[in-house]
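One structure is given here, and the rest of the page talks about it.
The values are calculated or read from the model by the stated rules, or taken from the named source; none is laboratory data. Note that the structure is predicted; figures quoted are calculated from it, not measured. With ideal geometry, Cβ positions are generated from the backbone for all residues, glycine too; neighbour counts draw on all protein chains shown.
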Amino acid sequence: MIRLCLSLEIVPVCAPPQETGFQAAIERYNGRWQAKVWSRFHHETLAALQAQSARDVAAYHRRAAARIEGAPARRPFPPQWRLNFQASPRGCLIYLRRTTAQGNVTLLGQRFAVATTWPHRLVRVEVDWDQGGIRCYALRRCEPTAQPLLGTIPYQLPSRRFRE
């Protein structure tokens with residue numbers, strides 16, 4: 001998925017697991033679906049479950065119609081585009097992570113030292129594929145526009161071939 005976003009020049013933002021934020025809405029929806037559809041009714045067949053789920057989704061869409069209508073239009077997918085698994089990623093990938101007690105973050109399957117002065121705090125981690133490095137910025141709720149650079153880490157994506 002990340003290769004797809006980068007090839008389309010979309011900057012994906014990857015939120016940390018178990019953090020509240022923009023992904024909390026989908027988690028709330030999933031919890032509501034489990035409570036209203038899965039747990040509330042006994043479903044004799046898969047078709048019965050799907051029918052109840054469809055009724056619940058339709059009711060949700062009716063309640064959220066104004067918000068859905070007010071959402072910005074999505075760009076159409078380029079018709080001639082083809083995913084090239086062998087091409088190197090370009091652009092920038094942004095992660096939101098919480099540091100450990102030692103000031104480390106885990107991303108891309110590795111642990112990186114960010115700042116010992118920033119334990120258990122949120123950081124914005126930018127993986128710049130074009131420059132070949134990682135930049136880590138401090139995030140604070142009380143000063144959302146002030147995001148000082150905590151450090152830079154040299155990083156080069158391992159060279160691996162992907163199956164088409």
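Against the definition (within 20 Å of the chain's Cα centre (by Cα), over 18 Å from SER159 (Cβ atoms) and either assigned to a loop (DSSP other than H, G, I, E, B) or at pLDDT below 90 (or both)), how does ARG124 come out, yes or no? When the stated conditions are applied, ARG124 does not pass them. Within the stretch 133-164, being modelled with pLDDT under 85 and surrounded by 11 or more Cβ atoms within 10 Å (Cβ to Cβ) holds for one residue alone: LEU157. Checking the structure you have, find out if any residue of the stretch 10-30 is part of a helix (DSSP H, G or I), at pLDDT 85 or above and surrounded by 13 or more Cβ atoms within 10 Å (Cβ to Cβ). Checked the stretch 10-30: no residue is part of a helix (DSSP H, G or I), at pLDDT 85 or above and surrounded by 13 or more Cβ atoms within 10 Å (Cβ to Cβ).
Look at the stretch 43-66: where a residue is more than 15 Å from TYR29 (Cβ to Cβ) and free of Cβ contacts under 8 Å to residues at least 60 places away in the same chain and a partner is part of a helix (DSSP H, G or I) and not small (Gly, Ala, Ser), sitting 6+ places away or on another chain with Cβ atoms under 6 Å, you get HIS43/LEU49; GLN52/VAL37. Considering ARG40, ARG97, the condition of being modelled with pLDDT of 85 or more, surrounded by 11 or more Cβ atoms within 10 Å (Cβ to Cβ) and not in a helix (DSSP H, G or I) is satisfied by ARG97 alone.
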